[in-house]
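The values are calculated or read from the model by the stated rules, or taken from the named source; none is laboratory data. Predicted, not measured: the structure shown is a model, and the values here were computed from it. Note that we place each Cβ from the backbone using ideal geometry, even for glycine, and neighbour counts take in every protein chain shown.
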Amino acid sequence: MSGINYSDKIPNNVNLVSDRTLQRALEHWQPHFLQWWHEMGPSDFEASDVYLRTAVSVDAQGWAQYGAVKMPDYRWGIFLADPVQDRKIGFGDQMGQPVWQQIPGEYRSTLRRLIVTQGDTEPASVEQQRLLGHTCPSLYDLRNLFQVNVEEGRHLWAMVYLLHAHFGRDGREEAEELLARHSGDADKPRILTTFNEPVTDWLSFFCFTYFTDRDGKYQLKSLAESAFDPLSRTCRFMLTEEAHHMFVGETGLGRVVKRTLEVMKEIGSDDPARIRAAGAIDLPTLQKYLNFWCSSSLDLFGSEISSNSAANFAHGLKGRPDESQYEDHVLRDKNMKLRMPEGVQDVPMLNALNEIMRESYLKDCEIGLKRWNRAIERAGHAFRLTLPAPQFRRSIGAWAGLPVDPTGNLIDKKIFENQLADWIPSEADKAFVRSLMRKVIEPGKMASWVAPPERGINNLPVEYEYVKLH
Ligand SMILES: [Fe+2]
Ligand SMILES: [Fe+2]
């Protein structure tokens, strides 16, 4: 079952040939996808040979193969993790019953919305990152960007397969819409705000892959728990690919910190102006980028109190990430204390699941910061990077639009507005970061603002020519 059929027009491990109607429908969508990739995917690198990994099986060991590929020839396909024998629903009111291979009619529209919302983020991020290739800090980074891009394209395929296979005509229409909305488009934007934010520099790209792809990880983890088994299997395999995206973010930001510390040592100063003059990114500026992308990504988890997520959990549609680590999987008689603008409230835990997800997400985000702070400490500096409080700069939920500072204090609105440019990148900060973004394409060479990675991809040296530009 885990082997992938690459002789089909659409590579797959779902025995697509056995369902002619579905196969034809997906083969009809395929050229629309390729056209979208051509128009909205990485601009100008279609003729380049990129050292990419392609899934060849869904086994945890050795699931990918590496080689030079031109991106438009990438074999996007449909790969589901192997089924778990006799899998049972792991949470909610139907816990213990067999999982579903088909969607119960009453959950159809909710599941469609969940799948469309997840699916929408995948092509959105490719669109957001469309121009980054022109300012890559190295060939190694350029390759990683393109690897992330083709895999987000494949994640779109993963969701489109579910829409086509399980939602009939509505699903096919949704699949077309996924290519019709575009990131930042005034008339037809992407569904979620974070996926309409421009990602025009590599510092933002590293923050995006650190914070926003990590939100993706948490969404996929909670959908991998779903009673709808095809969704669970799809998400489980997507998580295998997703790990690399966060690796790009975590090592990218770590390399920024490393380079900044090197420059601080070289010039013997922690003066931001002097660090900037030496071509590196001062730590206070990095902090602002962290504040921006972390707070934007926190909104993706939704409102603190949500009857939708309570229903999704109770019905078995969407669990908590790593559901098995919890003791109570029904949550009918548990409460939880939530910090709200009016004070601490006691709410049914079932209604606070977004907050539970947000909290475990933030814990995961802390891991990188601890590592970077250790490096800063070892270099003898007092500065520490921090995550903003979850109430800071929120657009969704109880704290939406409230003047909260990055440490979580509700403050005067005027003071908030005046100080905001100290907390998130100002126009001047963005202009400075943009000024550093110059294309470096000599194999093994790095831009001035980022240290080389510790190792290359797939055991190749850092100096390897990961992208052959033509
Ligand atoms: Fe993705
Ligand atoms: Fe991703």
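If you check Lys217, Lys188, Lys265, which single one turns out to be more than 16 Å from ligand 2 (Cβ to nearest atom), modelled with pLDDT of 95 or more and more than 22 Å from Trp36 (Cα to Cα)? I'd like the intermediate steps shown before the answer.
Working: Lys217 fails: more than 16 Å from ligand 2 (Cβ to nearest atom); Lys188 fails: more than 22 Å from Trp36 (Cα to Cα).
Going through Lys217, Lys188, Lys265 in turn, just one is more than 16 Å from ligand 2 (Cβ to nearest atom), modelled with pLDDT of 95 or more and more than 22 Å from Trp36 (Cα to Cα): Lys265.
If you scan segment 218-238, which residues turn out to be among the polar types (S, T, N, Q) and either within 11 Å of ligand 1 (Cβ to nearest atom) or within 17 Å of Met95 (Cβ to Cβ) (or both)? Outline the logic, then answer.
The initial filter retains those residues of segment 218-238 that are among the polar types (S, T, N, Q), namely 219, 222, 226, 232, 234.
Scanning segment 218-238 gives Gln219, Ser222, Ser226, Ser232.
Which residues, counting only those in segment 129-150, are among the hydrophobic types (A, V, I, L, M, F, W, C), assigned to a loop (DSSP other than H, G, I, E, B) and in contact with a Leu (Cβ under 9 Å, 6 or more places away or on another chain)? Show your work before the answer.
Of all residues in segment 129-150, those among the hydrophobic types (A, V, I, L, M, F, W, C) come to 131-132, 136, 139, 142, 145-146, 148, 150.
Pick out the ones that are also assigned to a loop (DSSP other than H, G, I, E, B) and you get 131, 136.
Once the filter is applied, which keeps residues that are among the hydrophobic types (A, V, I, L, M, F, W, C), assigned to a loop (DSSP other than H, G, I, E, B) and in contact with a Leu (Cβ under 9 Å, 6 or more places away or on another chain), segment 129-150 yields only Cys136.
Being of a type in the set (D, E, K, R) and more than 11 Å from ligand 1 (Cβ to nearest atom) is the filter here, so list the residues in segment 239-253 that pass it.
Initial filter on segment 239-253 (of a type in the set (D, E, K, R)): 241-242, 250.
Selection gives Glu250 alone.
Would segment 23-46 turn up any residue that is loosely packed, with under 15 Cβ neighbours inside 10 Å, of a type in the set (Asp, Glu), touching a helix residue (DSSP H, G or I) at 6+ places or on another chain (Cβ under 6 Å) and without any contact (Cβ under 8 Å) to a residue 60 or more places away in the chain?
yes
Which residue out of Leu142, Leu132 is in contact with a Cys (Cβ under 7 Å, 6 or more places away or on another chain), closer than 30 Å to Ser448 by Cα and buried (at least 21 other Cβ atoms within 10 Å of the Cβ)? Talk me through it step by step, then tell me what you get.
Numbers: Leu132 fails: in contact with a Cys (Cβ under 7 Å, 6 or more places away or on another chain).
Among Leu142, Leu132, only Leu142 is in contact with a Cys (Cβ under 7 Å, 6 or more places away or on another chain), closer than 30 Å to Ser448 by Cα and buried (at least 21 other Cβ atoms within 10 Å of the Cβ).
Against the condition closer than 27 Å to Asp322 by Cβ, surrounded by fewer than 21 Cβ atoms within 10 Å (Cβ to Cβ), away from ligand 2 (no atom under 15 Å from the Cβ) and at pLDDT 95 or above, how does Arg112 come out, does it pass?
On the way: closer than 27 Å to Asp322 by Cβ: yes; surrounded by fewer than 21 Cβ atoms within 10 Å (Cβ to Cβ): yes; away from ligand 2 (no atom under 15 Å from the Cβ): yes; at pLDDT 95 or above: yes.
Yes; evaluated as a whole, the condition is true for this residue.
Does segment 92-106 contain any residue that is modelled with pLDDT of 95 or more and assigned to a helix (DSSP H, G or I)? Talk me through it step by step, then tell me what you get.
First, pick out the residues of segment 92-106 that are modelled with pLDDT of 95 or more: 92-106.
Then keep just the ones that are assigned to a helix (DSSP H, G or I); that gives 105-106.
For segment 92-106, residues modelled with pLDDT of 95 or more and assigned to a helix (DSSP H, G or I): present.
Can you tell me which residues in segment 225-241 are touching a residue at least 60 places away in the same chain (Cβ under 8 Å), over 15 Å from Asn13 (Cα atoms) and within 16 Å of ligand 2 (Cβ to nearest atom)?
Of everything in segment 225-241, those that are touching a residue at least 60 places away in the same chain (Cβ under 8 Å), over 15 Å from Asn13 (Cα atoms) and within 16 Å of ligand 2 (Cβ to nearest atom) turn out to be Thr240, Glu241.
Restricting to segment 196-217, what's the tally of residues that are within 14 Å of ligand 1 (Cβ to nearest atom) and among the β-branched types (Val, Ile, Thr)?
Summing the residues that are within 14 Å of ligand 1 (Cβ to nearest atom) and among the β-branched types (Val, Ile, Thr) in segment 196-217 gives 2.
Considering only segment 151-246, give the helices (runs of 4 or more DSSP H) lying wholly within it that have at least 1 residues that are in contact with a His (Cβ under 9 Å, 6 or more places away or on another chain). It would help to see each step written out before you state the result.
On the way: elements: 168-180, 202-207, 213-224.
Ranges flagged: 168-180, 213-224.
Please name all residue pairs, on different chains or six or more residues apart, with Cβ atoms under 9 Å, provided the first residue is in segment 405-427 and is at pLDDT 95 or above and the second residue is small (Gly, Ala, Ser) and assigned to a loop (DSSP other than H, G, I, E, B).
Final answer for the pair search is Asp405/Ala389; Pro406/Ala389; Thr407/Ala389; Gly408/Ala389; Asn409/Ala389; Leu420/Ser426.
When you go through Pro390, Pro452 one by one, which is the residue that is farther than 19 Å from Asp282 by Cα, touching a helix residue (DSSP H, G or I) at 6+ places or on another chain (Cβ under 9 Å) and not aromatic (Phe, Trp, Tyr)?
Pro390
If we scan segment 399-414, do we find a residue that is over 22 Å from Arg339 (Cα atoms) and among the hydrophobic types (A, V, I, L, M, F, W, C)? It would help to see each step written out before you state the result.
Residues of segment 399-414 that are over 22 Å from Arg339 (Cα atoms), as a first pass: 414.
Those left that are additionally among the hydrophobic types (A, V, I, L, M, F, W, C): none.
No, because not a single residue in segment 399-414 is over 22 Å from Arg339 (Cα atoms) and among the hydrophobic types (A, V, I, L, M, F, W, C).
Could you list, in sequence order, all residues of segment 236-272 that are under 18 Å from Phe79 (Cα atoms) and either β-branched (Val, Ile, Thr) or out of contact with any helix residue (DSSP H, G or I) (no Cβ under 6 Å at 6 or more places or on another chain) (or both)?
Phe237, Thr240, Ala243, His244
Just to be sure I understand, how many residues within segment 26-59 are more than 21 Å from Ala124 (Cβ to Cβ) and modelled with pLDDT under 95?
The total comes to 7.
Just give me the residues in segment 406-439 being more than 26 Å from Leu145 (Cα to Cα) and acidic (Asp, Glu), in sequence order.
Asp412, Glu417, Asp422
Quick check on my filter: what residues within segment 191-206 are in contact with a Gly (Cβ under 7 Å, 6 or more places away or on another chain) and within 16 Å of ligand 2 (Cβ to nearest atom)? Steps first, please.
Start the filter on segment 191-206 by keeping residues that are in contact with a Gly (Cβ under 7 Å, 6 or more places away or on another chain), which leaves 196, 198, 206.
Phe206 - this is the single residue of segment 191-206 that is in contact with a Gly (Cβ under 7 Å, 6 or more places away or on another chain) and within 16 Å of ligand 2 (Cβ to nearest atom).
Table: residues versus (1) of a type in the set (Val, Ile, Thr); (2) more than 30 Å from Val99 (Cβ to Cβ); (3) at pLDDT 95 or above.
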| residue | (1), (2), (3) |
| --- | --- |
| Asp299 | no, yes, yes |
| Ser306 | no, no, yes |
| Leu338 | no, yes, yes |
| Val344 | yes, yes, yes |
| Arg374 | no, yes, yes |
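Among the residues of segment 199-213, count how many are of a type outside the set (A, V, I, L, M, F, W, C) and over 18 Å from Arg438 (Cα atoms). Write out each step before concluding.
First, the residues of segment 199-213 that are of a type outside the set (A, V, I, L, M, F, W, C): 200-201, 204, 209-210, 212-213.
Applying the additional criterion that residues be over 18 Å from Arg438 (Cα atoms) yields 209-210, 212-213.
Here the count works out to 4.
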